[in-house]
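*Asks:* Here it is, the structure, as structure tokens.
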Amino acid sequence: MKIIRELLLLVVGVFILTSCNSILTGSQALNSQSPAPLKSSEVLSPFTRFENLEKGGGMGIDNEQVDNLLRSYGIYDKIMAKIPIEEYTGSNYSDVKIGGFSIGNKTLALLQINKGHLYIYVMLSNSGDKWTADGFAYLKERFKPEYRVEKSNDNTKYWLVVKHEANHGTGLQIFNETWYKPDGSVAGDYPAEGSTSFFPQSVQPEADTYFSSSADYDGDSRIHLSYSISFEYVYRGNSKEEGSFRFTSKYLPAVLEYWEYDLETQQLQFTSCYPALPQTFGAMKRSASSEYGILQGYIDFYRIRLGDKKVTTLGEWEKFMELK
């Protein structure tokens, strides 16, 4: 009887051990089929988070989603500290875009956010498994700015370059290009394009002056700028054949000027022009201002030249301008 009891206990023990092994094996199988936990770089990637943003029907992108995205990189409070609260909360996010590029062995992202008239640019970089926000820049604009990224030749530095409206008024519109460092501070700023009425009280019926530019970064610290400056006079014909049509006399381009901007000194300097101006222009000082851009020197020169005279005919205009 004792022998039978021991045999029964042995059978029960073997059964229990077998069951435990089966449960352990099944558990290991289930664990092997579970997805591996996401790495921190995958969780915090701005590209992943951008893809997960959901647009609301007709109301733009959900404010809370974008705010949480900014909070996840520790940049939301910094933005709120710099932008007036009424401007930030007064409208919904209407557009969010992201772009990626590399500097050396680092991956970087540029997040562009449009909220009403606010345009916010957040610069992020990846170091190892972690994404961080390096800084941001923002502008309040009537028109959507244009932007690009410029890199140094040694591939160690980059700047966000934004072309935006810098000044406007009656008959006046000036656009600048501003270079931002990754932390959002300004590295450089210079006139890029603009126009203004040309002495509307003295030059009649109407005259305007324009300038446009092309920028060539040398990959180090200098930006070479080519400016095309033109003048336009609008007048009405007097003959029967001309009737009352408006005719335009254009100098386009009148002058091609070359300037240089130094990112280290943040100075804009005139270097040369083509064609050479007449000797009577020897007293003209090239200068740029926030009000008129590089047109400032021409406006100062022609204001002195004009004095209290009036220009009312095409002949008087051509003699006054003295440009061919």
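*Asks:* Quick one: what are the phi-derived ³J(HN,Hα) couplings along segment 81-88, Karplus 6.51/-1.76/1.60 with θ = phi - 60°, whole Hz, x for glycine and proline?
*Replies:* So the Karplus estimates, Gly and Pro as x, are 6, 9, 8, x, 4, 5, 6, 6 Hz.
*Asks:* Over the Cα atoms of segment 38-140, compute the convex hull volume and normalise it per residue, giving Å³. Please list the in-between numbers first.
*Replies:* On the way: hull volume 9.6 nm³, N = 103.
So the per-residue Cα hull volume is 93 Å³.
*Asks:* Ranked by Cβ crowding within 10 angstrom, fewest neighbours first, how are 115, 144 ordered? Provide the component values of the computation, followed by the final result.
*Replies:* On the way: 115 23, 144 11.
In order of increasing Cβ crowding within 10 Å: 144, 115.
*Asks:* List the chymotrypsin sites (Phe, Trp or Tyr not before Pro) in segment 65-167 that DSSP assigns to loop (not H, G, I, E or B) and whose Cβ has at most 15 other Cβ atoms within 10 Å. Which are they?
*Replies:* Values: sites: 73, 76, 88, 93, 101, 119, 121, 131, 136, 138, 143, 147, 158, 159; in loops: 73, 143.
Hits after loop and neighbour filter: 143.
*Asks:* Ranking 256, 118 by Cβ neighbours within 10 Å, fewest first, what do you get? Let's see the in-between values first.
*Replies:* Numbers: 256 13, 118 20.
Final ranking by Cβ density, sparse to dense: 256, 118.
*Asks:* Moving on to the next point. Starting from a Cα-only point model with no solvent, please compute log10 I(q)/I(0) by Debye for segment 145-324 at q = 0.09, 0.16 1/Å.
*Replies:* -0.38, -0.98
*Asks:* Taking θ = phi - 60°, what integer Hz values does the Karplus form 6.51 cos²θ - 1.76 cosθ + 1.60 yield along segment 164-172, in sequence order, with x for Gly and Pro?
*Replies:* Ordered by residue, 3J(HN,Hα) equals 8, 6, 9, 7, 7, x, 5, x, 9 Hz.
*Asks:* Determine ³J(HN,Hα), in whole Hz, for all residues of segment 150-162 in sequence, where each value follows from phi through the Karplus function 6.51 cos²θ - 1.76 cosθ + 1.60 and θ = phi - 60°; x replaces Gly and Pro.
*Replies:* 10, 10, 6, 4, 7, 6, 10, 10, 8, 9, 8, 10, 10
Every number here is computed from the coordinates shown, using simple stated rules; none is lab data. Quick caveat: nothing in here was measured; it's all calculated off a predicted structure. Note that we place each Cβ from the backbone using ideal geometry, even for glycine, and neighbour counts take in every protein chain shown.
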